[in-house]
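The values are calculated or read from the model by the stated rules, or taken from the named source; none is laboratory data. From a predicted model like this one, the values you see are computed outputs, not experimental measurements. Here the Cβ is made from the backbone with ideal geometry for all residues, glycine too, and neighbour counts use every protein chain on show.
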Amino acid sequence: MKSKGLIFFAVASVLLCTQAGGAQEDVSRFPSKPMTYVCPSSPGLATDTSVRLMARELEKILGQPVVVVNKPGAALTIGTAAVATAKPDGYTIGFTGGPPIYFTPLLEKVPYDPLKDLRMVAQYGGCTQGAVFVRGDSPFKTFKDMIAYARQNPKKVTFGTNGANSITHITMETIAKQEGVQMTHIPFKGTPESQAAVLGGHVTAAAGDFVVDMADTGKIRLLMMLREDKSEFHPDIPILKDVGYNIPYAVLGIVMTQKSVPDAIVKKLEDAVAKAMKQPAFMKGMRDLRLTLTFRSGQETDSYVAKSYEYYTKTFKEMGLIK
C-alpha cells in the first residue's frame, strides 16, 4: 500500500510538472490563434479608426489575425463588459476610455468592476479635440475672462456639453466650485448640437469636441484645451493645469484585457502596442485623426485608472451624485 501511494504521488507530480510546463509553453507561443479586438464604438468614428489602425499593426507584430468586433452602446460600457466577461486567456482585448471605467460604473450598475475585472495593457492615445470654446466674436479672449464675468454675474454664463454627468459637465462643475462661481449647464444630445448653440448665440460657451475647421477659420475661439498635456495641434492654447486646474481629464485610448490574464501574456501585448505606436502608418493615421500618441505602460495605466477612479468617486460624492 505504501509503495502504491508513492507511485501515485510520483505520477501526480509528473502530471503537474507537465501541465505547468505546458502552460509556460503556451505563454511562450502566444498568440497561436486569431485574436478578438472589441471596439465599443460604432464603425467609422475616430475611436473605431484608431482601433483598426492598432489592429493592423498588432497583426504584423504578433503574427496572428486581430479581428475587430464593434459592440457600441451605453457610453462604451457594452463593449467594455464584453471584454471584462471574456475568457481570461489574452485572446480578447478591447479599447476603453474614461466613461466606461470612471463615470458609468460609479453612476449606474454595470456587469463588471473596472478595477477588479479589467487589466490595462497600455495606453496609446488621447483625445486632442476637447476644449472650452466660444463664438469667434465673443468678448471673452481667455477662460479667465469668462470666469471673471461669471463671478460678477451669477448663472448668466451658460455652457453646453454633450450631456448631464458627462466628463465635460463634471469638469466644468468642478472648475465652477473651485472658482466659487455659478454657471448654468445646458445639456445637449451631442457635440454638434452644443457647437451649433455656440454659433447661434444660444449659449455662452461649449465644452467638448469641436470642428477643427471652425477653430482654424476663427468661427469659434478656443479658450482652454480639456487635456492633461499640451496638444501638438493647438500648442498655443492653454490646458487645464495652465489655467490653474489640477483636474484629471480621463479621455484615453487604452488597450485592455481581463484582470487574471497571465503577466507574461500581458507583457507581450504591452510590448506589441508600444512597437505598433512607432510604425509610420499608425503614426500617420493617428495624426490624420488629430489624436495624440500618448504611451503609458500597463502598470502605469492601471495606477492612473485607480487614482482617477478614486478622484471621481470623491468628486461625485461632493456633487451629491452618489452616496
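Residues of the stretch 245-278 that are part of a loop (DSSP other than H, G, I, E, B), in contact with a helix residue (DSSP H, G or I) (Cβ under 8 Å, 6 or more places away or on another chain) and over 23 Å from R29 (Cβ atoms): Y245, N246, I247, P248, Y249, A250, V251, M277. For the stretch 192-202, does any single residue satisfy the condition of being of a type outside the set (S, T, Y), at pLDDT below 95 and within 18 Å of the chain's Cα centre (by Cα)? No, the stretch 192-202 contains no residue that is of a type outside the set (S, T, Y), at pLDDT below 95 and within 18 Å of the chain's Cα centre (by Cα). Before we move on, is V121 under 24 Å from K307 (Cβ atoms), hydrophobic (A, V, I, L, M, F, W, C) and surrounded by fewer than 21 Cβ atoms within 10 Å (Cβ to Cβ)? When the stated conditions are applied, V121 does not pass them. Checking each residue in the stretch 237-266 for being more than 21 Å from K177 (Cβ to Cβ) and out of contact with any strand residue (DSSP E or B) (no Cβ under 9 Å at 6 or more places or on another chain) picks out P262, D263, A264. Taken over the stretch 93-126, the residue count meeting the criterion of being outside any strand (DSSP E or B) and basic (K, R) is 2. Pull up the stretch 194-212, narrow it to residues that are polar (S, T, N, Q) and in a helix (DSSP H, G or I), then point me to the one that is surrounded by the fewest Cβ atoms within 10 Å (Cβ to Cβ). Per the stated criteria, the residue is Q195. Looking only at residues in the stretch 139-172 that are assigned to a loop (DSSP other than H, G, I, E, B) and among the polar types (S, T, N, Q), the one that is nearest to the chain's Cα centre (by Cα) is S166.
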